[in-house]
1. Which of the residues spanning region 218-256 are in a helix (DSSP H, G or I) and surrounded by 21 or more Cβ atoms within 10 Å (Cβ to Cβ)?
2. Out of the residues in region 240-273 meeting the condition of being hydrophobic (A, V, I, L, M, F, W, C) and without any contact (Cβ under 8 Å) to a residue 40 or more places away in the chain, tell me which one is nearest to ligand 2 (Cβ to nearest atom).
3. If we scan region 61-69, do we find a residue that is in contact with a Lys or Arg (Cβ under 7 Å, 6 or more places away or on another chain) and of a type in the set (D, E)?
4. Of everything in region 274-288 that's over 22 Å from D229 (Cβ atoms) and within 16 Å of ligand 2 (Cβ to nearest atom), which residue is surrounded by the most Cβ atoms within 10 Å (Cβ to Cβ)?
5. Please go through region 139-183 and give me each residue that is among the small types (G, A, S), touching a strand residue (DSSP E or B) at 6+ places or on another chain (Cβ under 9 Å) and away from ligand 1 (no atom under 16 Å from the Cβ), ordered by number.
6. Please pick out the residue among I182, I168 that is more than 8 Å from the chain's Cα centre (by Cα), aliphatic (A, V, I, L, M) and within 15 Å of ligand 2 (Cβ to nearest atom).
7. If we keep just the residues of region 260-317 that are acidic (D, E) and within 19 Å of E157 (Cα to Cα), which is nearest to the chain's Cα centre (by Cα)?
8. Looking for something in contact with a Ser or Thr (Cβ under 7 Å, 6 or more places away or on another chain) and either within 30 Å of D9 (Cα to Cα) or of a type in the set (F, W, Y) (or both) - is there at least one such residue anywhere in region 304-317?
Amino acid sequence: MTDYKLKKDHRHFLDLISLSKVEAREIVDKAKALKEAAKSINQSKGFVHPEAPLENQSLAMIFEKPSTRTRVSFEMAMHQLGGKSVVLQNHDMQLGRGESVSDTARVLSCFVDAIMLRANSHDALLEMAEHSNVPIINALTDFSHPCQIMADILTYEEHRGSIKGKKIAWSGDGNNVAISWIHASVLFDCEMALACPEEYSPLEQVVGWAKNNGGKITITDNPEEAVKDADCVITDTWISMGDEDADERLNTLAPYQVSEDLMDRAKSSAIFMHCLPAHRGEEVSSEVIDGPQSVIWDEAENRLHTQKAILMWCFGK
Ligand code: CP
Ligand code: NVA
């Protein structure tokens, strides 16, 4: 990745590692409080928080890749907090036919108060942050997916209490979601065991960063070893948006499926998480994802509550 000189005067949400431990904890706690508040006041999903904390604030949401959860949760989060959002698909924008990221950043900064970007390349995200005059939010890149993991932390803690000291196991592709989980393991002081084939292991620089920053992280090619004594088992698609070696991935990753047998090797109290969309019969069996240990629907709902907390942090609220 290119090393960009980011402006320090904006609260960009680019990666979990750009947050302090205190900030990360505050965002999750804020999301929990906002969820409780929403449950007590809303009659319908289209409600607006009585205090409208983001009144007069606006968000542009740029998608270079498809999205269901991220798009709808950010749009509804802005609405429920009293703000305004504009959805921009890459192919509808001049960005999609060659206008530069830097010029797009400068122009959008004239119109909106923050920009959310789902980008093909992490470098584009960093470039946008360098040139924008408003906060930039990472809504997934080829490198990371930090918004998702904030929802995952909230979900774990709702079901099992503090995540501190807990063992989180990952089986499958060491992809963008896995990388943000590695970042989170350092910020939230939990243990992380990843089972990945060598060719799909998480980037060494990320694992090295975690180890150098006090992370308890192990990488193995043995899923049974990774899930032993785990409090939570996680996986994600074997073929992420933009991956082109689909057949090779399906073959190589087949032994890493989260099956009932694999779940049985974790703690009996372990929960199963998946950011979705899922491919039943590939990275996870139907029995697991639809079974009693799965908390995937809470995890999906929590995207809404954590997006609100992330937005409020970016706006300094
Ligand atoms: N988990 C997630 O980011 O889902 P979408 O791709 O639907 O936004
Ligand atoms: N790893 C997946 C996550 C989708 C939310 C992808 O990048 O496609």
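Taken together, the values in this text are just the output of simple stated rules run on the coordinates, not laboratory data. Model, not experiment: these values are computed from the prediction. Neighbour counts are summed over all protein chains in view; Cβ atoms, including those assigned to glycine, are modelled from backbone coordinates with ideal geometry.
1. Passing the criteria: P223, A226, V227, R249, L253, Y256.
2. A246
3. There is at least one residue in region 61-69 that is in contact with a Lys or Arg (Cβ under 7 Å, 6 or more places away or on another chain) and of a type in the set (D, E).
4. C275
5. Within region 139-183, G165, A169, S171, G174 qualify.
6. The match here is I182.
7. Looking at the filtered set, the residue picked out is E299.
8. yes
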